[in-house]
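> Provided herewith is a single structure, encoded as structure tokens, for subsequent inquiry.
The values are calculated or read from the model by the stated rules, or taken from the named source; none is laboratory data. From a predicted model like this one, the values you see are computed outputs, not experimental measurements. Don't worry about glycine lacking a Cβ; one is built from the backbone with ideal geometry, like all the others, and counts go over all protein chains shown.
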Amino acid sequence: MASLLPILLIVAGQSAGQADLAKALTLHASFDTGLDADFSTGARECWYRLGKDPLKAAPNADVALAKGEGKFGGGLVFPKKGNSRPQYKGRDVLGYNDKNWSATVSVWLRLDPDKDLEPGYCDPVQVVGNDTRKGYVFLEWSKDETPRYFRYAIRPLFPIWNPDNVPWADIPFHKRPMVQVAKAPFSRDRWTHVVFTLENINDKPKKPSGRLYIDGKSRGAIENWDLTFAWDPDSVALVLGAAYVGRMDDLAVFGRVLTAAEVTTLHQLKNGVADLRAR
């Protein structure tokens, strides 16, 4: 019996970790049968925004469902640089507020950035509000370098990060509020797991920050910045596929910052986030 105790403790620890992740989950889109989220603490519906008016999202020439071709079951395919960008309303999902905003976003991607992406910047995932000058969060591939850099950026109020009104591409890398990764492990032959966190945004005394994880491992943090935003909370949205060409699967949002250990647990889930929802 004593020899079984360590094993029992490990199993119990794993179960507790997954239970904590399940409690923190606010949105999960598996893309197995459609674009709408499978689970959400807010709205489940997926939208496109063409011009000023929202349009109920459905598969089209820009965004297709690929049954059985995702990381877990079905997935999304962006076959070309298009105008349809699936998005989910952030109210009651992302939890943005003007006092202390923390959240985590997880997604799986599959592409060769240098062969698949078209010229120009590509943002596979964005968190936006009513004005990008009032705050902007995004994953990005650079537009000119070969190989392209992969980045995670948290841009607060425009006068904070860019007081001299300099184009983003002209600001030295080390002076941008971002994490930059050279030769990130993206490939047509395998899925890559990307997680980014937002911690204590709009809460200066608690030192706001953000961290990027790739395949369960930390790749850097955005720290020592004043990360003050001024969004209208009702305008906040999670947006996918801006100039993206490739595959995407298992999108998830958590209503708090995940620890490094929790990101590892998330990365190792056999059936993805569906394992958390099955508990």
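> Which condition from (1) in contact with a Phe, Trp or Tyr (Cβ under 8 Å, 6 or more places away or on another chain); (2) at pLDDT below 95; (3) surrounded by 16 or more Cβ atoms within 10 Å (Cβ to Cβ) is the one that Pro54 breaks?
With (1) in contact with a Phe, Trp or Tyr (Cβ under 8 Å, 6 or more places away or on another chain); (2) at pLDDT below 95; (3) surrounded by 16 or more Cβ atoms within 10 Å (Cβ to Cβ) applied to Pro54, the lone miss is (3).
> Considering (1) within 21 Å of Gly255 (Cα to Cα); (2) surrounded by fewer than 21 Cβ atoms within 10 Å (Cβ to Cβ), say which one Val195 fails and leave the rest.
(2)
> Could you please let me know if Val77 is assigned to a strand (DSSP E or B), touching a residue at least 60 places away in the same chain (Cβ under 8 Å) and more than 21 Å from Thr197 (Cβ to Cβ)? Spell out the reasoning first.
Details: assigned to a strand (DSSP E or B): yes; touching a residue at least 60 places away in the same chain (Cβ under 8 Å): yes; more than 21 Å from Thr197 (Cβ to Cβ): yes.
It is true that Val77 is assigned to a strand (DSSP E or B), touching a residue at least 60 places away in the same chain (Cβ under 8 Å) and more than 21 Å from Thr197 (Cβ to Cβ).
> Ok, one more. Say whether the condition of being within 22 Å of Pro156 (Cβ to Cβ), of a type in the set (Val, Ile, Thr) and modelled with pLDDT of 95 or more is met by at least one residue in segment 107-116. Even if it seems obvious, please write down each step before you answer.
Let us first name the residues in segment 107-116 that are within 22 Å of Pro156 (Cβ to Cβ), namely none.
For segment 107-116, residues within 22 Å of Pro156 (Cβ to Cβ), of a type in the set (Val, Ile, Thr) and modelled with pLDDT of 95 or more: absent.
> I'd like to check something: does segment 164-185 contain any residue that is among the charged types (D, E, K, R), touching a residue at least 40 places away in the same chain (Cβ under 8 Å) and under 29 Å from Val63 (Cβ atoms)?
Here is the first cut: in segment 164-185, the residues among the charged types (D, E, K, R) are 164, 170, 175-176, 183.
Checking the rest, the ones that are also touching a residue at least 40 places away in the same chain (Cβ under 8 Å) come to none.
Looking for residues that are among the charged types (D, E, K, R), touching a residue at least 40 places away in the same chain (Cβ under 8 Å) and under 29 Å from Val63 (Cβ atoms), one finds none in segment 164-185, hence no.
> Which ones in segment 88-115 are surrounded by fewer than 20 Cβ atoms within 10 Å (Cβ to Cβ) and not in a loop (DSSP other than H, G, I, E, B)?
Those that are surrounded by fewer than 20 Cβ atoms within 10 Å (Cβ to Cβ) and not in a loop (DSSP other than H, G, I, E, B): Asp114, Lys115.
> Would you mention how many residues in segment 233-263 are in contact (Cβ under 8 Å) with a residue 40 or more places away in the chain, surrounded by fewer than 17 Cβ atoms within 10 Å (Cβ to Cβ) and closer than 30 Å to Ala16 by Cβ? Don't jump to the end; show me each part of the working.
First pass over segment 233-263, keeping only residues in contact (Cβ under 8 Å) with a residue 40 or more places away in the chain: 233-258, 260-263.
Filter once more, so that each one left must be surrounded by fewer than 17 Cβ atoms within 10 Å (Cβ to Cβ): 233-235, 260-261.
Next, only the ones that are closer than 30 Å to Ala16 by Cβ stay: 260-261.
Adding up the residues that qualify gives 2.
> Of all residues in segment 208-221, count the ones that are outside any loop (DSSP other than H, G, I, E, B) and touching a Leu at 6+ places or on another chain (Cβ under 8 Å).
Filtering segment 208-221 down to residues outside any loop (DSSP other than H, G, I, E, B) leaves 209-214, 217-221.
If we keep only those that are touching a Leu at 6+ places or on another chain (Cβ under 8 Å) as well, we get 209-210, 218-221.
Adding up the residues that qualify gives 6.
> Of everything in segment 1-39, what is among the polar types (S, T, N, Q), more than 30 Å from Pro59 (Cα to Cα) and modelled with pLDDT of 50 or more? Give them in sequence order. Write out each step before concluding.
Residues of segment 1-39 that are among the polar types (S, T, N, Q), as a first pass: 3, 14-15, 18, 26, 30, 33.
The next check asks that each one be more than 30 Å from Pro59 (Cα to Cα); those that pass are 3, 14-15, 18.
Passing the criteria: Ser15, Gln18.
> Moving on. Tell me, please, whether a residue that is in contact with a Phe, Trp or Tyr (Cβ under 8 Å, 6 or more places away or on another chain), assigned to a strand (DSSP E or B) and crowded, with 17+ Cβ neighbours inside 10 Å can be found in segment 225-232. Working first, answer last.
Start the filter on segment 225-232 by keeping residues that are in contact with a Phe, Trp or Tyr (Cβ under 8 Å, 6 or more places away or on another chain), which leaves 225, 229, 231.
From what is left, the residues that are assigned to a strand (DSSP E or B) are none.
Within segment 225-232 (the criterion being in contact with a Phe, Trp or Tyr (Cβ under 8 Å, 6 or more places away or on another chain), assigned to a strand (DSSP E or B) and crowded, with 17+ Cβ neighbours inside 10 Å), the answer is no, since none of the residues qualifies.
> Among the candidates Ala237, Ala274, Ala243, single out the residue that is of a type in the set (A, V, I, L, M), farther than 20 Å from Pro113 by Cα and over 13 Å from the mean Cα position of the chain (by Cα). Explain how you work it out, then say what you get.
On the way: Ala237 fails: over 13 Å from the mean Cα position of the chain (by Cα); Ala243 fails: farther than 20 Å from Pro113 by Cα.
Ala274 is the lone residue from the list that is of a type in the set (A, V, I, L, M), farther than 20 Å from Pro113 by Cα and over 13 Å from the mean Cα position of the chain (by Cα).
> Here's another thing I want to ask about it. For segment 67-76, name all the residues that are under 24 Å from Tyr213 (Cα atoms), surrounded by fewer than 19 Cβ atoms within 10 Å (Cβ to Cβ) and not small (Gly, Ala, Ser).
Glu69
> Test Gly220 against the criterion of being surrounded by fewer than 18 Cβ atoms within 10 Å (Cβ to Cβ) and within 26 Å of Gly120 (Cβ to Cβ), and give yes or no. Talk me through it step by step, then tell me what you get.
Values: surrounded by fewer than 18 Cβ atoms within 10 Å (Cβ to Cβ): yes; within 26 Å of Gly120 (Cβ to Cβ): yes.
So Gly220 passes the test.
> Also: Residues to consider are Lys143, Lys183, Lys206; find the one that is among the basic types (Lys, Arg) and surrounded by fewer than 11 Cβ atoms within 10 Å (Cβ to Cβ).
Values: Lys143 fails: surrounded by fewer than 11 Cβ atoms within 10 Å (Cβ to Cβ); Lys206 fails: surrounded by fewer than 11 Cβ atoms within 10 Å (Cβ to Cβ).
After ruling out the rest, the residue left standing is Lys183.
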